[in-house]
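Notes follow once the structure below has been shown.
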Amino acid sequence: MTTVHERIAALFAARLNLVVPSMDADLFEAGALDSLGFVELLVQLEEEFGVHTTLKDMELDTFRSVASIADFILAHAEPACR
């Protein structure tokens, strides 16, 4: 069974053409995400996991690493999408 962390890393590789250095790496500092990539990430997370982000969710720390994104997904996605 694939974990949420692995699915997010695969999403980065397949849909965003980005290699994630580690699950805890700062994606903004590493240059893996910029403002355009961040918007595309939100679209891909919605498609893959069915999560809808609101302005209240838009804290960069929430999306800073694969681990923090996985925490967000686990808290907001429907159980069937996890």
* Asked: Under a plain spin-label model, where a point goes 7 Å from the Cα along Cα-to-Cβ, how far apart in nm are Val19 and Thr53?
  -> 2.5 nm
* With charges set only on the Cβ (+1 for Lys and Arg, -1 for Asp and Glu), what does the dipole of the chain come to about its Cα centre, in debye to the nearest 20? -> 180 debye
* Asked: If you take the Cα atoms of segment 4-81, find Rg, then find the Kirkwood Rh from the mean of 1/r over all pairs, what is Rg/Rh?
  -> 0.91
* **Computed helical MRE - 222 nm, the chain, DSSP H runs ≥ 4 contributing -39500 (n - 2.57), nearest 500** => -14500 deg cm²/dmol
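Each reported figure results from applying straightforward, stated rules to the coordinates on display, with no laboratory input. Note that the structure is a prediction, hence the values are computed from the model and not measured. Don't worry about glycine lacking a Cβ; one is built from the backbone with ideal geometry, like all the others, and counts go over all protein chains shown.
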